[in-house]
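Undergrad: Let me give you the structure first, and then I'll get to my questions.
The values are calculated or read from the model by the stated rules, or taken from the named source; none is laboratory data. All values derive from a computational prediction rather than experimental measurement. With ideal geometry, Cβ positions are generated from the backbone for all residues, glycine too; neighbour counts draw on all protein chains shown.
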Amino acid sequence: MSKPAAPVPMRSPELHIRSRRQLTASGIGKRQLGLLLRDGRMRRIAHGWYATAGAPEEALSALRRGHRLTCISALRLHGIWAPVSPHSHEAALRTGRRADRGRAVGQGILLHDPPPTAWPVDAPILPLMDALTHALRCLDATGAAIVLESALHLRLITAAEVHEVAAGLSARHRAAIFPLSATAESGTETIVRRFLERRGIAVRPQVLIPGVGHVDMVVGERLVIECDSVAFHAGTEQFHRDRQRDLRLRELGYIPVRLTWEQVVLDWDRTSQVLLAMVRRGDHRAPRTRT
């Protein structure tokens, strides 16, 4: 039994940011705009850009610099699970100084080249395909797989579009990224599953276990790995449900391993070695009856 398919989300997220042209097209003239600004329902961000409550500050900051968010900074706002980065990934118009592009330019900003196709003038962040194009040229193979699998799982892109956005990569880089899975519900799942699969270890993602429900992955015959997707811990009720699931898995003969976001993202060297040790010990194999 498979999970029901989710509805296809919109390609452009609602960021509560509008250009002057968009406001005019929606019937907001100069006088009405002035009223909205005076009573605080709208604020001017940069030349030609306005925002209402709920607009993400990272997108506003880029607009003030004359840039647009791209790469993983834009992908997060598109709803995609993206690796952490100390930088705000931004793209400038083609009039920007090329010497500054592709490197940190101070204040935690990493400036990318403009996309080969002109982005929509009224888009406050780069469109999804352009942001993915930048990400695939910025991230390592695992990072690229994370964002592509997340986009596939969310049904934001098709398999054909994945190959389209990866077409300009070297054969070596493509080989390191593919194959992909559309089952991963988080980047932490992608990291763990790919690590094991690339070492020849059998992994079944998103397995339905009667009496338990779907688990993130089953390694071999009985090692169940569950991965937290975010960097915060669940409340008491969720903690209790997770422990009930773990106990039921034990009752059914499985060995449950629950990994936190921090263990996968921040302490992966240590975590990966523990997982390998469990596999070498045979924890993923069902016990054999002695004769």
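Undergrad: Could you look through the range 109-128, keep only residues that are over 25 Å from residue 54 (Cβ atoms) and among the aliphatic types (A, V, I, L, M), and pick out the one that is surrounded by the most Cβ atoms within 10 Å (Cβ to Cβ)?
TA: Per the stated criteria, the residue is 111.
Undergrad: Check residue 14 against each of (1) surrounded by fewer than 16 Cβ atoms within 10 Å (Cβ to Cβ); (2) in contact with a Leu (Cβ under 8 Å, 6 or more places away or on another chain); (3) in a loop (DSSP other than H, G, I, E, B) and name the one condition it does not meet.
TA: Unmet condition: (2).
Undergrad: So, one more: For residue 230, which of the numbered conditions (1) modelled with pLDDT of 95 or more; (2) out of contact with any Lys or Arg (no Cβ under 9 Å at 6 or more places or on another chain) fails to hold?
TA: Here residue 230 clears every test but (1).
Undergrad: While we're here: Sort out which residues of the range 75-93 are surrounded by fewer than 17 Cβ atoms within 10 Å (Cβ to Cβ), over 15 Å from residue 130 (Cα atoms) and among the hydrophobic types (A, V, I, L, M, F, W, C), and write them in order of number.
TA: 84
Undergrad: Output the number of the condition that residue 47 fails; it satisfies all remaining conditions of (1) closer than 12 Å to residue 63 by Cβ; (2) modelled with pLDDT of 95 or more.
TA: (2)
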